[in-house]
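Notes to accompany the following structure.
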Amino acid sequence: MVYRLVQPDGTTKNSVLPGKLAGNVTLKIYGRLDCARAIASLDHGYAKHRVFFADEVAAIAAGYRPCGRCMLAEYTVWKAGPQPGGYFPWHSPPKHPMNP
């Protein structure tokens, strides 16, 4: 079987290995393949927006953020935004309602 994975630059590449993470191309969110929220959304049209990544580094490089349901630790760091001296690999911080 051949799998189509999104690369860090946003292009796709065929792979004999499946991706470790899935994402939503519309919302630019990535998460685990067994995410209950994503699985529940498959019957509601999510499948046509689903993409796959080899790993978290590729998902972040492609501009995606972590899922708040299945990747809570990563989401918490992303949601807090860049902190002085802290680890923040994502391209863009969250948008807070009070700071547009």
Consider only pairs whose beta carbons are under 7 Å apart and that are at least six residues apart or on different chains; among these, list those whose first residue lies in segment 5-32 and is over 21 Å from Tyr75 (Cα atoms) and whose second residue is of a type in the set (Val, Ile, Thr) and part of a strand (DSSP E or B). Leu5/Thr12; Thr12/Val6
Please verify whether His44 is in contact with a Ser or Thr (Cβ under 7 Å, 6 or more places away or on another chain) and not hydroxyl-bearing (Ser, Thr, Tyr), treating the condition exactly as stated. no
Where the second residue is loosely packed, with under 12 Cβ neighbours inside 10 Å and not basic (Lys, Arg) and the first is more than 16 Å from Val57 (Cα to Cα) and lies in segment 72-89, which pairs have Cβ atoms under 9 Å and are six or more apart or on separate chains? Ala80/Gly86; Gly81/His96
Among the residues that make up segment 39-50, is at least one of them within 25 Å of Ser92 (Cα to Cα) and of a type in the set (A, V, I, L, M, F, W, C)? no
Condition check: surrounded by fewer than 17 Cβ atoms within 10 Å (Cβ to Cβ), touching a residue at least 24 places away in the same chain (Cβ under 8 Å) and at positive phi. Does Gly45 satisfy that? no
Any residue at all in segment 8-20 that's touching a Phe, Trp or Tyr at 6+ places or on another chain (Cβ under 6 Å), in a loop (DSSP other than H, G, I, E, B) and loosely packed, with under 14 Cβ neighbours inside 10 Å? yes
Note on segment 42-62: residues modelled with pLDDT under 90, in contact with a strand residue (DSSP E or B) (Cβ under 9 Å, 6 or more places away or on another chain) and of a type in the set (D, E, K, R) are Arg50
Can you name the residue in segment 63-100 that is part of a loop (DSSP other than H, G, I, E, B) and among the aromatic types (Phe, Trp, Tyr) and, of all such residues, is modelled with the lowest pLDDT? Tyr87
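Let's see how each residue does on (1) surrounded by fewer than 11 Cβ atoms within 10 Å (Cβ to Cβ); (2) within 21 Å of Thr12 (Cβ to Cβ):
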position	(1), (2)
Asp34	yes, no
Arg37	no, no
Ala54	no, yes
Val77	no, no
Pro82	no, no
Tyr87	yes, no
Lys95	yes, no
Can we say Arg4 is out of contact with any His (no Cβ under 8 Å at 6 or more places or on another chain), basic (Lys, Arg), surrounded by 10 or more Cβ atoms within 10 Å (Cβ to Cβ) and outside any loop (DSSP other than H, G, I, E, B)? yes
Residues within segment 21-32 that are surrounded by 12 or more Cβ atoms within 10 Å (Cβ to Cβ), assigned to a loop (DSSP other than H, G, I, E, B) and of a type outside the set (D, E, K, R), tallied: 2
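The values are calculated or read from the model by the stated rules, or taken from the named source; none is laboratory data. Please read all numbers here as calculations on a predicted model, not as lab measurements. Every residue, glycine among them, receives a Cβ derived from its backbone with ideal geometry; neighbour counts consider all protein chains shown.
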